[in-house]
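**Student:** What follows is a structure written as structure tokens; I'll ask about it next.
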Amino acid sequence: MNPAELALYPFERPGTLAELCRTLSARAGRKEKTVLLAGGTDWIVERRLAPPEDPNDLPLVLDVSRLPELRGIAVAKEIATIGAAATFLEIRSHPVLSRRAPVLTAMARDVGAVQIQARGTLGGNLASASPAADGAAALMALDADVVLASIHGERRVPLTQFFTGYRATRRAEDEAIVRVEFTLPRTGAHQVWRKVGSRTAQAISKVALAAVAEVERGRGVRSGFGMASVAPVTVSLPTVRALGLAPSLASVSDEELDAATRRDISPIDDLRSTAAYRLHVASALVKGFFRELRTAAGS
Ligand SMILES: Cc1cc2nc3c(=O)[nH]c(=O)nc-3n(C[C@H](O)[C@H](O)[C@H](O)COP(=O)(O)OP(=O)(O)OC[C@H]3O[C@@H](n4cnc5c(N)ncnc54)[C@H](O)[C@@H]3O)c2cc1C
């Protein structure tokens, strides 16, 4: 989409979250189409691939990228709060997240390339609900909640329940994603981000794994996973996650991990890869993570 095409869309920039919610509510009530625009790295690209059917019935574009309530990253009392309009560049540069949630900062460094990181936001990543959403995978591993706002107030949805199907979420039409929140893993928690793609930059993954684990005396006490590009939505690998809480991680076998991974994912053949390759890599990544975990735990 070139700038002249973009200029055809009616455009507003609400000054506050309350104003945004009022506009969303009024337009949803009148069944008028509205689009929230943050970095535009998904929405503008998609308009190029799928231009509007009726140029006389364009949605109102509401720019949320500068809304104060959606900006910023804060850490207090072991809770990290990241505004929906925080960019990947802001996330990867955050000193506390780098130390305490390296799975997230490593993910942010891997999104697109620095130009996309400077524009793309976490809220846009979650709302787009792409099966290949890297931000969603890392936040799932961290057990994050998504906070949504409307004129009726805020509600909180665990990210593991946020995606309802291919590119579909629990966000209602009159709601905006305001922020995500998660409890920081404790210092020394084992965290990995592995993205397998065709090249280092500007590559959508063939498979990506985010994993966070805490182990006490050989027993798993925190276990979170997120995997991208292996199902219609980003998945939290519930069966693998349960194995991560085993009373003795040393007793979890590669065969069990392989079976659990196969149970939790449903990859397909597409432009980027094949289902068979994805199954193989997903299982290898999970087994590799547990191997590292057992070594770190000394078992
Ligand atoms: C070259 C290129 C490389 C890319 N590489 C990657 C990659 O490696 N990994 C990856 O995960 N993604 C990648 N992407 C996709 C994209 O950059 C990300 O998904 C990004 O996070 C989208 O954020 P945005 O702010 O640009 O969203 P936008 O395009 O502004 O919005 C996307 C969608 O989210 C909605 N939305 C935005 N903010 C909110 C909000 N606060 N509340 C509710 N809805 C909202 C919009 O209405 C729209 O439907 C890439 C894109 C490009 C063009």
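**Student:** Looking at region 221-235, is at least one residue without any contact (Cβ under 8 Å) to a residue 12 or more places away in the chain and on the phi < 0 side of the Ramachandran plot?
**Tutor:** Step one: list which residues in region 221-235 are without any contact (Cβ under 8 Å) to a residue 12 or more places away in the chain, which gives none.
The answer is no, given that none of the residues of region 221-235 is without any contact (Cβ under 8 Å) to a residue 12 or more places away in the chain and on the phi < 0 side of the Ramachandran plot.
**Student:** Sticking with this structure for a sec: Just give me the residues in region 212-231 being at pLDDT 95 or above and more than 18 Å from Ala250 (Cβ to Cβ), in sequence order.
**Tutor:** Result: Val212, Gly224, Phe225, Gly226, Met227, Ala228.
**Student:** If you don't mind, there's one more thing I want to ask. When you scan region 36-130 for helices (runs of 4 or more DSSP H) that lie fully inside it, which ones turn up with 2 or more residues that are within 12 Å of the ligand (Cβ to nearest atom) and surrounded by fewer than 19 Cβ atoms within 10 Å (Cβ to Cβ)?
**Tutor:** The helices (runs of 4 or more DSSP H) meeting that bar are 43-49, 114-119.
**Student:** Name the residue that is farthest from Arg219 (Cα to Cα), counting only residues in region 244-263 that are at pLDDT below 95 and in a helix (DSSP H, G or I).
**Tutor:** That would be Ser251.
**Student:** Moving on to the next point. Just for region 264-293: of the residues that are small (Gly, Ala, Ser) and modelled with pLDDT under 95, which one is nearest to the chain's Cα centre (by Cα)?
**Tutor:** Pass one, region 264-293, residues small (Gly, Ala, Ser): 266, 273, 275-276, 282-284, 288.
Among the residues that remain, those that are also modelled with pLDDT under 95 are: 266, 273, 275-276.
On the way: Ser266: 19, Ser273: 21, Ala275: 22, Ala276: 24 Å.
Out of the qualifying residues, it is Ser266.
**Student:** Checking Arg27 against (1) surrounded by fewer than 12 Cβ atoms within 10 Å (Cβ to Cβ); (2) not in a loop (DSSP other than H, G, I, E, B), which single condition isn't satisfied?
**Tutor:** For Arg27, the failing item is (1).
**Student:** Please verify whether Thr164 is more than 10 Å from the ligand (Cβ to nearest atom), more than 10 Å from the chain's Cα centre (by Cα) and in a helix (DSSP H, G or I), treating the condition exactly as stated.
**Tutor:** So Thr164 does not fit the description; no.
**Student:** Name every residue in region 144-161 that is touching a Phe, Trp or Tyr at 6+ places or on another chain (Cβ under 6 Å) and either farther than 19 Å from Leu70 by Cα or near the ligand (Cβ under 10 Å from one of its atoms) (or both), in order of residue number.
**Tutor:** Val146 - this is the single residue of region 144-161 that is touching a Phe, Trp or Tyr at 6+ places or on another chain (Cβ under 6 Å) and either farther than 19 Å from Leu70 by Cα or near the ligand (Cβ under 10 Å from one of its atoms) (or both).
**Student:** Just name the residue that is modelled with the lowest pLDDT out of those in region 10-35 that are within 20 Å of Ser128 (Cβ to Cβ) and within 12 Å of the ligand (Cβ to nearest atom).
**Tutor:** Selected residue: Lys33.
**Student:** Here's something else I'd like to know. Looking for something among the small types (Gly, Ala, Ser) and at pLDDT below 95 - is there at least one such residue anywhere in region 166-187?
**Tutor:** Within region 166-187, the first condition is being among the small types (Gly, Ala, Ser), and the residues that meet it are 168, 172, 176.
Next, from what is left, pick out any that are at pLDDT below 95: none.
No: zero hits.
**Student:** Another question, then. Could you grab me the full set of residues in region 1-49 that are under 18 Å from Leu122 (Cβ atoms) and in contact (Cβ under 8 Å) with a residue 60 or more places away in the chain?
**Tutor:** Of everything in region 1-49, those that are under 18 Å from Leu122 (Cβ atoms) and in contact (Cβ under 8 Å) with a residue 60 or more places away in the chain turn out to be Leu17, Leu20, Leu36, Ala38, Gly39, Gly40, Thr41, Asp42, Trp43.
**Student:** Please tell me if Thr164 is closer than 30 Å to Ser273 by Cα and out of contact with any strand residue (DSSP E or B) (no Cβ under 8 Å at 6 or more places or on another chain).
**Tutor:** Yes, satisfied.
**Student:** Are there any pairs, at least 6 apart or on different chains, whose C-beta atoms fall under 8 Å, with the first in region 166-195 and at negative phi and basic (Lys, Arg) and the second surrounded by fewer than 14 Cβ atoms within 10 Å (Cβ to Cβ) and part of a strand (DSSP E or B), and if so, which?
**Tutor:** Listed by first residue and then by second, the contacts come to Arg170/Thr164.
**Student:** With region 172-218 as the region, which strands (runs of 3 or more DSSP E) entirely inside it contain at least 2 residues that are over 15 Å from the mean Cα position of the chain (by Cα) and away from the ligand (no atom under 16 Å from the Cβ)?
**Tutor:** It comes to 190-196, 207-216.
**Student:** Kindly evaluate Leu237 against the criterion of being surrounded by fewer than 22 Cβ atoms within 10 Å (Cβ to Cβ) and either within 28 Å of Ala127 (Cβ to Cβ) or outside the structural domain of Ala80 (by TED's automatic domain parsing) (or both).
**Tutor:** Answer is no for this residue.
**Student:** Something else about it: Test of understanding: among Ala50, Ala74, Ala18, which residue is within 30 Å of Leu184 (Cα to Cα) and outside the structural domain of Leu148 (by TED's automatic domain parsing)?
**Tutor:** Working: Ala50 fails: within 30 Å of Leu184 (Cα to Cα); Ala74 fails: outside the structural domain of Leu148 (by TED's automatic domain parsing).
Ala18 is the lone residue from the list that is within 30 Å of Leu184 (Cα to Cα) and outside the structural domain of Leu148 (by TED's automatic domain parsing).
**Student:** Return the residue satisfying two criteria in turn: it lies in region 1-24 and is of a type in the set (Ser, Thr, Tyr) and in a loop (DSSP other than H, G, I, E, B), and of such residues it is surrounded by the most Cβ atoms within 10 Å (Cβ to Cβ). Walk me through it before giving the result.
**Tutor:** First, the residues of region 1-24 that are of a type in the set (Ser, Thr, Tyr): 9, 16, 23.
Of the ones still in play, those that are also in a loop (DSSP other than H, G, I, E, B) are 9, 16.
On the way: Tyr9: 16, Thr16: 11.
Across region 1-24, the extreme among qualifying residues is Tyr9.
**Student:** Here is a further query. When you go through (1) surrounded by 22 or more Cβ atoms within 10 Å (Cβ to Cβ); (2) closer than 17 Å to Ala106 by Cβ one by one for Val192, which number turns out not to apply?
**Tutor:** Of the numbered conditions (1) surrounded by 22 or more Cβ atoms within 10 Å (Cβ to Cβ); (2) closer than 17 Å to Ala106 by Cβ, the odd one out for Val192 is (1).
The values are calculated or read from the model by the stated rules, or taken from the named source; none is laboratory data. Fair warning: this is a prediction, and the values are worked out from it, not measured in the lab. Glycine also receives a Cβ, built like all others from the backbone with ideal geometry; neighbour counts cover every protein chain displayed.
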